[in-house]
Amino acid sequence: MGVDLPRNKRVAYALTYIHGIGITSARKIIEVAKINSDTRISDLTTDETIALRTALESSDLKLEGDLRRFNGLNIKRLNEINCHRGKRHRNSLPVRGQRTRTNARSRRGAKKTVTGKKK
(Lines give C-alpha, C1' and ligand atoms only; values in the text may rest on other atoms or scores of the structure.)
Protein backbone atom coordinates (compact mmCIF):
# COMPACT_ATOMS: atom_id res chain seq x y z
CA MET A 1 0.00 0.00 0.00
CA GLY A 2 2.80 2.42 0.79
CA VAL A 3 1.55 3.15 4.32
CA ASP A 4 3.57 2.17 7.37
CA LEU A 5 1.24 0.81 10.02
CA PRO A 6 2.05 1.50 13.70
CA ARG A 7 3.65 -1.67 15.04
CA ASN A 8 2.39 -1.57 18.64
CA LYS A 9 -1.34 -1.22 17.89
CA ARG A 10 -3.97 -3.90 17.34
CA VAL A 11 -4.55 -4.79 13.70
CA ALA A 12 -8.02 -3.18 13.43
CA TYR A 13 -6.85 0.17 14.78
CA ALA A 14 -3.62 0.10 12.79
CA LEU A 15 -5.56 -0.42 9.55
CA THR A 16 -7.40 2.87 10.15
CA TYR A 17 -4.10 4.65 9.38
CA ILE A 18 -4.78 3.80 5.73
CA HIS A 19 -6.79 6.59 4.10
CA GLY A 20 -10.23 5.20 3.26
CA ILE A 21 -10.44 2.55 6.01
CA GLY A 22 -12.42 3.24 9.15
CA ILE A 23 -12.83 0.98 12.14
CA THR A 24 -15.89 -0.82 10.67
CA SER A 25 -14.24 -1.73 7.37
CA ALA A 26 -11.03 -2.64 9.24
CA ARG A 27 -12.96 -5.17 11.32
CA LYS A 28 -14.59 -6.62 8.19
CA ILE A 29 -11.18 -6.97 6.51
CA ILE A 30 -9.78 -8.76 9.58
CA GLU A 31 -12.79 -11.10 9.52
CA VAL A 32 -12.19 -11.89 5.83
CA ALA A 33 -8.46 -12.46 6.45
CA LYS A 34 -9.29 -14.72 9.45
CA ILE A 35 -6.97 -12.87 11.85
CA ASN A 36 -7.55 -12.69 15.61
CA SER A 37 -8.72 -9.17 16.53
CA ASP A 38 -6.46 -9.06 19.61
CA THR A 39 -3.29 -9.53 17.53
CA ARG A 40 -0.92 -6.60 17.30
CA ILE A 41 0.83 -5.64 14.06
CA SER A 42 4.25 -6.59 15.45
CA ASP A 43 2.97 -10.10 16.28
CA LEU A 44 1.60 -10.90 12.79
CA THR A 45 3.10 -13.89 11.04
CA THR A 46 4.08 -13.67 7.37
CA ASP A 47 1.07 -15.80 6.42
CA GLU A 48 -1.27 -13.44 8.27
CA THR A 49 0.39 -10.43 6.62
CA ILE A 50 -0.10 -11.98 3.18
CA ALA A 51 -3.74 -12.83 4.03
CA LEU A 52 -4.30 -9.24 5.19
CA ARG A 53 -2.77 -7.82 2.02
CA THR A 54 -4.88 -10.08 -0.24
CA ALA A 55 -8.02 -9.17 1.75
CA LEU A 56 -7.24 -5.48 1.22
CA GLU A 57 -6.63 -5.94 -2.49
CA SER A 58 -9.76 -8.06 -3.00
CA SER A 59 -12.01 -5.56 -1.18
CA ASP A 60 -13.79 -3.14 -3.46
CA LEU A 61 -12.74 -0.13 -1.36
CA LYS A 62 -11.04 2.91 -2.84
CA LEU A 63 -7.92 3.50 -0.78
CA GLU A 64 -5.16 6.09 -0.47
CA GLY A 65 -4.29 7.76 -3.80
CA ASP A 66 -7.34 6.48 -5.68
CA LEU A 67 -9.69 7.86 -3.02
CA ARG A 68 -7.89 11.22 -2.84
CA ARG A 69 -7.99 11.49 -6.64
CA PHE A 70 -11.70 10.54 -6.69
CA ASN A 71 -12.57 13.21 -4.10
CA GLY A 72 -10.41 15.82 -5.84
CA LEU A 73 -12.11 15.15 -9.17
CA ASN A 74 -15.54 15.46 -7.54
CA ILE A 75 -14.64 18.87 -6.09
CA LYS A 76 -13.15 19.94 -9.43
CA ARG A 77 -16.38 18.91 -11.19
CA LEU A 78 -18.46 20.97 -8.75
CA ASN A 79 -16.20 23.97 -9.42
CA GLU A 80 -16.46 23.58 -13.19
CA ILE A 81 -20.25 23.35 -13.32
CA ASN A 82 -20.35 26.50 -11.18
CA CYS A 83 -22.92 25.15 -8.71
CA HIS A 84 -23.43 26.54 -5.21
CA ARG A 85 -21.25 23.85 -3.56
CA GLY A 86 -18.51 24.48 -6.10
CA LYS A 87 -18.53 28.22 -5.37
CA ARG A 88 -18.31 27.53 -1.63
CA HIS A 89 -15.32 25.22 -2.20
CA ARG A 90 -13.68 27.84 -4.42
CA ASN A 91 -14.06 30.61 -1.80
CA SER A 92 -13.00 28.35 1.11
CA LEU A 93 -16.33 28.70 2.88
CA PRO A 94 -18.41 26.01 4.61
CA VAL A 95 -20.16 23.90 1.98
CA ARG A 96 -22.96 22.24 3.92
CA GLY A 97 -25.09 25.17 5.03
CA GLN A 98 -23.38 26.11 8.29
CA ARG A 99 -23.59 29.69 9.50
CA THR A 100 -20.73 32.03 8.68
CA ARG A 101 -21.70 35.27 10.39
CA THR A 102 -19.95 33.88 13.45
CA ASN A 103 -17.87 30.71 13.73
CA ALA A 104 -16.58 28.83 10.64
CA ARG A 105 -13.08 29.80 11.78
CA SER A 106 -11.40 26.56 10.76
CA ARG A 107 -12.61 26.98 7.18
CA ARG A 108 -12.08 30.75 6.88
CA GLY A 109 -8.76 30.94 8.72
CA ALA A 110 -7.63 33.26 11.49
CA LYS A 111 -9.55 36.48 12.19
CA LYS A 112 -8.65 39.49 10.12
CA THR A 113 -9.17 42.42 12.47
CA VAL A 114 -10.88 45.43 10.97
CA THR A 115 -9.98 48.70 12.69
CA GLY A 116 -12.77 50.93 13.93
CA LYS A 117 -13.76 54.00 11.97
CA LYS A 118 -12.09 57.20 13.19
CA LYS A 119 -14.13 60.38 13.56
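What the table below lists for this structure:
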| quantity | calculated |
| --- | --- |
| Sites residue 68 and residue 23, calculated FRET efficiency, Cβ-Cβ separation with R0 25 Å, nearest 0.05 | 0.80 |
| Per residue accessible area in Å² of the chain, where ligands, DNA and RNA are left out and the probe is 1.4 Å | 79 |
| Charge dipole magnitude, Cβ of K and R +1, D and E -1 - the chain, Cα centre, debye nearest 20 | 2040 |
| Selected from 32, 11, 95 as most flexible by GNM, with the chain as the system and alpha-carbon contacts under 10 Å | 95 |
| Solvent-accessible area, 1.4 Å probe, carbon plus sulfur percent, for the chain | 48 |
| Intensity falloff of the chain expressed as log10 I(q)/I(0), Debye formula with alpha-carbon point scatterers, at q = 0.10, 0.14, 0.15, 0.16 Å⁻¹ | -0.52, -0.76, -0.80, -0.84 |
| Solution diffusion estimate, µm²/s, Stokes-Einstein, the range 1-54, Kirkwood Rh from C-alpha pairs, 25 °C, viscosity 0.890 mPa s | 225 |
| Cα point-scatterer Debye curve for the range 30-72, base-10 log of I(q)/I(0) at q = 0.17, 0.21 Å⁻¹ | -0.56, -0.72 |
| Helix-only [θ]222 nm of the chain, DSSP H runs n ≥ 4, -39500 (n - 2.57) each, per residue, nearest 500 | -14000 deg cm²/dmol |
| Pairs of lysines in the chain (C-alpha under 23 Å apart; 8 or more residues apart or interchain) | 8 |
| Charge dipole (the range 56-119, unit charges on Cβ, about Cα centre) - positive-most of 109, 79, 95 | 109 |
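The values are calculated or read from the model by the stated rules, or taken from the named source; none is laboratory data. All of these numbers come straight from a predicted model, not from anything done at the bench. Note: ideal-geometry Cβ built from the backbone for every residue, glycine included; neighbour counts use all protein chains shown. The protein model used for the area step is the full one, side chains on, heavy atoms only, and it has no ligands, DNA or RNA in it. Shrake-Rupley method; radii C 1.70, N 1.55, O 1.52, S 1.80 Å.
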